[in-house]
Amino acid sequence: MPVVRAFTVFWIPHPCSPATIAPRMAIGPIQLLRQATTEQRRTLLAAALGWMLDAFDAMLYALVLTHVMRDLGMSKATSGLLYTLTLLASGMGGVLFGFLADRVGRKRALMLSILTYSICSFASGLSTTVLMLAVFRFILGLGMGGEWNTGATLVAETWPDEFRAKAISMVQSSWAIGYALAALVAGIVLRFANWRMVFFVGILPAIVTLWIQSRVPESPMWEEHRLLAEQSQELQPRGTQRARGNESFFVIFRAPYLKSTIVLLLLNFFGMFGWWGLFTWIPPYLSLPAEQGGRGFGVMGTTTLLVVLNLFGMFPGYASFGWVADHLGRRKSFMLYTFAAALLVPVYALARSPAMLLVLGTIVAFFGTGFFSGSGIIGSEIFPTRVRARALGFTYNGARALSSVAPWIIGWAGQTKGLSWAFYLCGAGFLLASLMATQLPETKGKKME
């Protein structure tokens, strides 16, 4: 079999098959799924559904924000602060559920995280005060943060090395579907009911856990390492067992992982600052009157723009990253996507016409969200199995916690200088993320430990 670098031959046993001369980059999602086993497809679907519905519940708040602000008497700064609390909680939830996933299994932690954010989304619709809403959104954030690393870890440990990047990108792309679905549901429900009914719909993701419980297998890699760990602990003196268990998490803060941990954390932080600051405020930005710094779109006009932005911007952005990362490498792909977003966001902030907002918003969404697929890919390849879920939880959701200030800062800047000006700060966040990407290790082709 020939050895190549940027393109490798996709091998199928029959030597005369046309697929033997197809480059890996030509393998699309359908072909990828056909090559997978039933168990691999189910783990990918479980993680994708969890992430899609995570987006659905998380983004409902942004989509009804103008209505909540009016009914509960919230300012832009207070509204952004509530989203800040959700993101802060997601950082805590990522570490908490990452710990659970390393201890009780990826599958169980995934189910618990979905139940948490589904129930709290429903409860948000019962809120009669800002404090009640803040409490429910905080708890929702715990589940929201826990879903990503448990699902990404489950897929990374189930799929083979050569398809890992593509599989995780497919999982990540489901966020765009969830966001678009939330925009569609919110637009329809708000025409016939109020914002409370929108939140009530958020309980539906809980049904998915029934299917996960009965049909999705646990990670065989996690089960193997758990068995080995149990056997190893049985041979250790009783007093040292707990110490060794606690020690494993802090491996990510020691050589050879320390630099990668800090760099990946900061890259995610700057990228998320740009993303949460921008996409939390795009729905109000589009729907607020022009005299309040918005663009004056109606409910269905805003809904249409958001659906297009997600399905034709975010979705292909997420999905493409795995293919690009397998071709260019992980580090260069991060740099490409984040730098392009940094250049495009200020241009988007200057747009006025609906056509320009649609076209530029779609391109910004492609690059400004696509790079998130890389975090699960490179993080899975950097960290060993015994701490993988916790490490991903810390570097991704820890960054969410740090970036929790973004909605509040952008809301405050929008209140004082206008949202268009505030979006320049989001562009700066993407630029800093691109600079951090230059310090990442290249893990393309690395086998997981």
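Details
- The set of residues in region 247-286 that are among the hydroxyl-bearing types (Ser, Thr, Tyr) and surrounded by 22 or more Cβ atoms within 10 Å (Cβ to Cβ) comprises Thr280, Tyr285.
- Residue in region 362-370 that is without any contact (Cβ under 8 Å) to a residue 24 or more places away in the chain and touching a helix residue (DSSP H, G or I) at 6+ places or on another chain (Cβ under 8 Å) present: no
- Scanning region 135-142 for residues that are under 17 Å from Ala48 (Cα atoms), crowded, with 24+ Cβ neighbours inside 10 Å, within 18 Å of the chain's Cα centre (by Cα) and not aliphatic (A, V, I, L, M) turns up nothing.
- Subset of region 109-127 [assigned to a helix (DSSP H, G or I) and surrounded by fewer than 24 Cβ atoms within 10 Å (Cβ to Cβ)]: Met111, Leu112, Leu115, Thr116, Ile119, Phe122, Ala123
- Residue match in region 47-65 (condition: modelled with pLDDT under 90, assigned to a helix (DSSP H, G or I) and over 17 Å from the mean Cα position of the chain (by Cα)): yes
- Residues of region 184-221 that are under 29 Å from Thr385 (Cβ atoms) and of a type in the set (S, T, N, Q): Thr209, Gln213, Ser214, Ser219.
Here's the yes/no breakdown for (1) in contact with a helix residue (DSSP H, G or I) (Cβ under 6 Å, 6 or more places away or on another chain); (2) modelled with pLDDT of 80 or more; (3) assigned to a helix (DSSP H, G or I):
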| site | (1), (2), (3) |
| --- | --- |
| Phe279 | no, yes, yes |
| Tyr285 | yes, no, yes |
| Val307 | yes, yes, yes |
| Phe315 | yes, yes, yes |
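- Within region 186-210, considering residues that are part of a helix (DSSP H, G or I) and of a type in the set (Gly, Ala, Ser), the one surrounded by the fewest Cβ atoms within 10 Å (Cβ to Cβ): Ala206
- Across region 411-435, the qualifying residues are those that are buried (at least 24 other Cβ atoms within 10 Å of the Cβ) and under 20 Å from the mean Cα position of the chain (by Cα), and the one among them that is nearest to Phe97 (Cα to Cα) is Ala433.
- Selected residue (criterion: surrounded by the fewest Cβ atoms within 10 Å (Cβ to Cβ)) from residues of region 91-108 that are on the phi < 0 side of the Ramachandran plot and among the small types (Gly, Ala, Ser): Gly91
- Among residues of region 223-265, those that are in contact with a Ser or Thr (Cβ under 8 Å, 6 or more places away or on another chain), under 19 Å from Glu449 (Cβ atoms) and either at pLDDT below 70 or among the aliphatic types (A, V, I, L, M) (or both), counted: 2
The values are calculated or read from the model by the stated rules, or taken from the named source; none is laboratory data. A quick note: this is a predicted structure, and the numbers were derived from the prediction, not measured. When we count neighbours, we look across all protein chains shown, and the Cβ atoms used for this are built from the backbone with ideal geometry, even at glycine.
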